[in-house]
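Colleague: Got a structure for you, questions after.
The values are calculated or read from the model by the stated rules, or taken from the named source; none is laboratory data. Quick caveat: nothing in here was measured; it's all calculated off a predicted structure. For neighbour counting, all protein chains shown are included, and Cβ atoms are generated from backbone atoms with ideal geometry for every residue, glycine included. When the accessible area is computed, the model is the full protein with side chains, heavy atoms only, and any ligands, DNA or RNA have been set aside. Shrake-Rupley method; radii C 1.70, N 1.55, O 1.52, S 1.80 Å.
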Amino acid sequence: MKKLKKITNVSFALIILALAGFTPKQKSGERVSGSITMVRYTADLTSVFPNPERGWHNRRDVDGRGNNDVRDFSDVKAAGHTLVHSYLRLDDFKNTDTIPQSYLDDMQDALDAIRVHGLKIILRPTHVWSESPNISEDRILKHIEQINSVISKNADVVNHLEVGWLGKWGEWHSGRYTDLSSRADGDTRYRIIERILNTTPEMMPIAMRYPMHIKEILEELPVPEGSQPLTQIQKDRIGHHSDCFLYNDNDRGTYARLDIWFGNQALEQQKQYTFDMITSYGGNRMVGGETCSPQIARIDATQTEMAAANWTEINIDFWKDAIEMWKNRMLPASGNDPEESEYTRISRKLGYRIRLIDATFPRVVKAGKSFTFAANLCNDGYAGIVKKRPIYLVFDNGANRCNIELTGIDVRTWVSGPVSLNPQKVTLPSNLSPGTYKLALWLPDASANLQLRPEYAVCFANNDVWDTIKGYNILTESLIVK
């Protein structure tokens, strides 16, 4: 934290502690009442900094079809990005039920490299590129199982799946089984979604191209014979990727699907459906995508629609001209947002941006006794944290570190706006050594494989609270344990 001024209205309890040899540091905006301290933190409202599972994604062909070195992602790290997007091109396997082991091994190698570089990846399988596919449902379902066997083994570094499999570029248009006017095709679409959900971990979000396909699966389609109803957890996993963001009034068909078998809806109804998507636990669904033209006809709607649809990630490599439009467009200061380019504002606000406002806790504690902590935060981003992750109070004196999980808190509910962390009461270990400790909040990755890696932990948007080595957010450096 920044060096903070001492206040003059120090409580009698702290004077006694000072006389006894304890001289705890105080922080700017810190108020002490008896043994309880309330600390206010300085917001960082301007910086662009990396955080996991959000932000710009870089396109890479990790199956080796592209010109990039599919094992080196150092430039992604250098750019401050945490996400990579890749198509899984299955063109060579359209006429066989079996995907060669060599292809699956190449996938594994690429995912290992993603992990080494401290990144996560978005994957989209497709049997074709720009032509219309005609692959049978049976073969698609077999391929889903084979591809997802590798994906599931590497769920720690797979951020989410774009559904893929159907249509040109895996976009669910211009191909077999994509026709929204066909009720029979709807059954196939359901079985594909069901197979994807059943062969991947429940923590992994999936994103579908068209809102009306989402509505069909979640609300309209009777469960096909031989299938099972989706569980609520599975329904909550389904989000949206828009691959023609802001192209024109209907985003090149994203919001203008016509001749729908369960009843046509106006463009604004289809768009509102995307804005209204919410999970059963009150969090945001995964929403991302890309632009699809050198021009963005509706550029004025960027902030409104990213906020309304709760965007978490977007492609920085496509289209470059559209990205340049954002870089060259200056936005005035508004609320907590400073005057800045639209590109910078998008960079800051994609997904979550959590900042501490204040925290309340006792300054002096005893091993084996209870400890009560509360905080006020704010999410300045377009969306909440989409994937589950734990939250810990950390007590660290350099030689010893104690992590106490705060149970009953779902950080996915920290959607845009104020966040209140109500008083949390924990019991300190009886063997906690006396001394001066850092007190911190730690939001690591949910995976045990990644939990101790700081690049996978959430950094708050505050000045000087982030410990880059430990991967936690420091609340105070002078907690006294007696």
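Colleague: How big is the C-alpha Rg of segment 422-482 next to the rule-of-thumb value 2.2 N^0.38 Å, as a ratio?
Modeller: 1.26
Colleague: Going by average Cβ density within 10 Å per residue, which order do the peptides 331-339, 126-134, 242-250, 149-157 take, highest to lowest?
Modeller: 242-250, 149-157, 126-134, 331-339
Colleague: How many nm separate the modelled label positions at I299 and I357, each set 7 Å beyond the Cα in the direction of the Cβ?
Modeller: 3.5
Colleague: Tell me, which cysteines of the chain are without a disulfide-compatible partner by the Cβ under 4.7 Å rule?
Modeller: That list is C378, C402, C459.
Colleague: If you average the alpha carbon positions of segment 406-461 and of segment 105-178, how far apart do those two centres end up, in angstrom?
Modeller: 33
Colleague: For segment 357-473, compute the orientation-averaged projected area of the C-alpha convex hull (one quarter of its surface), in nm².
Modeller: Approximately 7.4 nm², given one-decimal rounding.
Colleague: Starting from the Cα coordinates of segment 118-159, work out the convex hull volume and express it per residue in Å³.
Modeller: Normalising the Cα hull of segment 118-159 by residue number yields 72 Å³.
Colleague: With all protein chains present, how much of the accessible area of the chain (probe radius 1.4 Å) comes from carbon and sulfur, to the nearest whole percent?
Modeller: 48
Colleague: Within segment 145-181, what residues put their amide N at less than 15 Å from the label point 7 Å along the Cα-to-Cβ vector of D91?
Modeller: Of the residues in segment 145-181, 168-170 have backbone N under 15 Å from the label point off D91.
Colleague: Per residue, how many Å² of accessible area does the chain show with a 1.4 Å probe?
Modeller: That works out to 40 Å² per residue.
Colleague: Assign one of three labels to the chain, namely rounded, prolate or oblate, based on the Cα gyration tensor with a ≥ b ≥ c the square roots of its eigenvalues; rounded applies when a/c is under 1.5, prolate when it is not and a/b is larger than b/c, and oblate otherwise.
Modeller: The shape class here is prolate.
Colleague: Apply 1/(1 + (r/R0)^6) to the Cβ-Cβ distance of R139 and N264, taking R0 = 30 Å, and write down the FRET efficiency to the nearest 0.05.
Modeller: Computed FRET efficiency for R139 and N264 comes out at 0.40.
Colleague: Would you mind counting up the charge near L180? Only other residues with Cβ under 14 Å from its Cβ, with Lys and Arg at +1 and Asp and Glu at -1.
Modeller: So the environment of L180 carries a net charge of -2.
Colleague: Taking a spot 7 Å from the Cα of T46 along the direction of its beta carbon, which residues of segment 336-367 have an amide N less than 13 Å from it?
Modeller: 337-341
Colleague: Compute the label zone of E202 within segment 266-309: residues whose backbone N is under 15 Å from the point 7 Å along Cα-to-Cβ.
Modeller: Only 280-281 pass the distance filter.
Colleague: Write down the Å³ per residue value for the convex hull defined by the alpha carbon atoms of segment 194-268.
Modeller: 102
Colleague: Given K77/K235; K94/K388; K271/K388; K235/K470; K271/K327; K235/K271, which pairs have Cα atoms separated by over 30 Å?
Modeller: As for pairs spanning more than 30 Å Cα to Cα, those are K77/K235; K94/K388; K235/K470.
Colleague: Note down the net charge around W165, summing +1 for each Lys or Arg and -1 for each Asp or Glu among other residues with Cβ under 14 Å from its Cβ.
Modeller: Neighbour charge sum, excluding W165 itself: +3.
Colleague: Another question about this same structure. Provide Rg over Rh for segment 145-302; use the alpha carbon set for both Rg and the Kirkwood Rh (inverse mean inverse pair distance).
Modeller: In segment 145-302, Rg relative to Rh is 0.95.
Colleague: While we're here: What's the Cα-based Rg to Rh of segment 74-155, Rh via Kirkwood?
Modeller: 1.02
Colleague: Now for a separate question. With each run of n ≥ 4 DSSP H residues scored as -39500 (n - 2.57), what mean residue ellipticity at 222 nm is computed for the chain after dividing by its residue count and rounding to the nearest 500 deg cm²/dmol?
Modeller: The helix-only estimate for the chain comes to -6500 deg cm²/dmol at 222 nm.
Colleague: A follow-up question, please. Over every pair of different alpha-carbon atoms in segment 283-442, take the mean of 1/r and invert it; report that Kirkwood radius in Å.
Modeller: After inverting the pairwise mean of 1/r, the radius is 18.3 Å.
Colleague: Something else: Placing unit charges on C-beta atoms (Lys and Arg positive, Asp and Glu negative, everything else neutral), compute the dipole magnitude of segment 171-296 about its Cα centre in debye, rounded to 20.
Modeller: 180
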